[in-house]
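The values are calculated or read from the model by the stated rules, or taken from the named source; none is laboratory data. Worth saying up front: this structure is predicted, and the values here are computed from it rather than measured. As a convention, Cβ positions derive from the backbone with ideal geometry for all residues, glycine included, and neighbour counts pool all protein chains shown.
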Amino acid sequence: HSDLLLYLRKKWGASSDLTLDDYLRMEEYERHTLSHYPFKDEARKDVIRKLAKISVLSDKSITAGNTKDAVSYLQAYNTLMKELGIGKIATLSGRYYAMDRDKNLDRVDVAYQCMVDHVGPSFTDYKAFFKEEYEYLRKNY
């Protein structure tokens, strides 16, 4: 694993906050996105790499309850998508629901209903929404 980790740190930039699993998720994000948007030029591929890294970093921030970093990552993500001319943020969900690997279909169903049927809270200002949700969770859990 150490050789692989060295290679990934060289490619993505070394960070003591990132684990081998984090780097592998960035690799998967890059591969998957480029399979849908097969950009040929390196500048656009570089933007995809930035999106992949932001995706992993924002996930870690949100999971840790760090709303300030999570919001700045979402802003950066939005900016990079505009630069590429693809997509926009339509749904926010965590891996606990949308990517459950333990076959808890009740969790996956919640994410599916949110993305497809628009079931769940709706907002236009994700900064305020994050702040409200985290304050609610701190008080009640």
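Run down Lys82, Lys68 and say which single residue is of a type in the set (D, E, K, R), more than 13 Å from the chain's Cα centre (by Cα) and closer than 16 Å to Phe129 by Cβ. Step through it out loud before you land on a result.
Details: Lys82 fails: closer than 16 Å to Phe129 by Cβ.
That would be Lys68, the only listed residue that is of a type in the set (D, E, K, R), more than 13 Å from the chain's Cα centre (by Cα) and closer than 16 Å to Phe129 by Cβ.
With at pLDDT below 85, out of contact with any Gly (no Cβ under 6 Å at 6 or more places or on another chain) and among the charged types (D, E, K, R) as the only criterion, which of Asp102, Asp117 stands out? Step through it out loud before you land on a result.
Working: Asp117 fails: at pLDDT below 85.
Step by step, each of Asp102, Asp117 is checked, and only Asp102 is at pLDDT below 85, out of contact with any Gly (no Cβ under 6 Å at 6 or more places or on another chain) and among the charged types (D, E, K, R).
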